[in-house]
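Heads up: the structure comes next, in structure tokens.
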Amino acid sequence: MLTTLSIITLLPDQRRWGFAQMGTAQQPLRRVAGLRFAKLLGSGATNGFGVLPNLRRYGFMAVWESEAAAAEFFGRHPLWQQFRERTTDIWTARLAPIKSHGLWDGVNPFDYASEPADADAPVLVLTRASIRLLKTPRFWRYVAPVSATIADAPGVRAAIGLGEMPIVRQATVSLWDSARAMQDYAYRSEKHKEVIRLTRQEDWYSEEMFARFRVLSTEGAWD
């Protein structure tokens, strides 16, 4: 098993094509051999965060039955080749889950065994939620500004907001120098702790997922 995350930056004249893929790419992805779970994700206009979309930047998260299945897709599949031809940059990380809980569309796609991670090794963190419609004003008032500050936290190499659907299906991906750096932020940031408290107290989410990954390797460029 293998999880991958790709951050895709399209050429300026490919915005319309990229936006269309949010709908049209779903069918060919369902037919990819060895692909167990896949999400093509949009991003916000301000470093990935915010309501307005960035029509040049997308995320692709996938869980594969094997490394060979992933290599075949990234090396030869026509859909991925179209993305490669229309981008300025693609950054892809190969990942192994350390810990995951919650659900994403009714399943936990990262619930498979992998080796433990060194506390000082880089980790990638995913938080994802389906927001209850009536709770969206509170979410965007409190959560979005705090999520956007993650990019400037000590020990963060990169962070981005991604989503399956504007407003109500949102995720944050962050890449940290180490699990220690991530935990320092999570437990010492008063704003972060306040958001967690409000989330539980006011029941903002109909579904949520948290996952932490060991970074096996990366390739390509992200900004």
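The values are calculated or read from the model by the stated rules, or taken from the named source; none is laboratory data. Here the structure is a predicted model, which is why all the values come from computation and not from measurement. Backbone-built Cβ (ideal geometry, glycine too); neighbour counts: all protein chains shown. With ligands, DNA and RNA removed, areas are computed over all heavy atoms of the protein, side chains included. Shrake-Rupley method; radii C 1.70, N 1.55, O 1.52, S 1.80 Å.
For this structure, a couple of remarks:
- The range 203-211 - phi-based ³J(HN,Hα) in whole Hz, Karplus 6.51/-1.76/1.60, Gly and Pro as x: 6, 6, 10, 8, 7, 8, 9, 10, 9
- Using the Cβ-Cβ distance between residue 99 and residue 76 with R0 set to 35 Å, the FRET efficiency from 1/(1 + (r/R0)^6) comes to roughly 0.60.
- The string of couplings for the range 59-66 from the Karplus curve (6.51, -1.76, 1.60, θ = phi - 60°) is x, 10, 10, 8, 10, 10, 5, 7 Hz, one whole number per residue in order, with x for Gly and Pro.
- Centroid-to-centroid separation of the range 70-120 and the range 150-222 [C-alpha atoms, Å]: 17
- Estimated from helices alone, the mean residue ellipticity of the chain at 222 nm is -9000 deg cm²/dmol (sum of -39500 (n - 2.57) over DSSP H runs with n ≥ 4, per residue).
- Heavy-atom accessible surface of the chain: percent carbon and sulfur, 1.4 Å: 51
- Surface exposure of the chain, expressed per residue as accessible area with a 1.4 Å probe, stands at 51 Å².
- Considering only 174, 114, 43, the Gaussian network model of the chain with Cα springs below 10 Å gives its largest mean-square fluctuation to 114.
- Model label points for residue 26 and residue 52, set 7 angstrom from Cα along the Cα-to-Cβ axis, are 2.7 nm apart.
- Karplus-based coupling profile of the range 111-124, in residue order and whole Hz: 8, 9, 6, 8, 6, x, 9, 6, 4, 9, 8, x, 10, 10, with θ = phi - 60° in 6.51 cos²θ - 1.76 cosθ + 1.60 and x standing for Gly or Pro.
- Charge sum, other residues only, whose C-beta stays under 13 Å from residue 218's C-beta, Lys/Arg counted +1 and Asp/Glu -1: +1
- Of 89, 105, 177, the one that fluctuates the most in a GNM where the chain has Cα springs shorter than 10 Å: 105
- Taking the chain as a Gaussian network of alpha-carbon nodes connected by springs under 10 Å, the highest mean-square fluctuation of the residues 68, 117, 45 belongs to 68.
- Applying the criteria of a DSSP loop state and at most 15 other Cβ atoms within 10 Å to the trypsin sites (Lys or Arg not before Pro) of the range 9-83 yields 31.
- Aspartates and glutamates with Cα under 19 Å of residue 193, excluding same-chain neighbours fewer than 8 positions away: 152, 184, 202, 203, 208
- Using a Förster distance of 35 Å, the FRET efficiency for residue 17-residue 219 (Cβ separation, nearest 0.05): 0.90
- Nearest-20 debye value, the range 1-148 charge dipole, Cβ charges on Lys, Arg, Asp, Glu: 800
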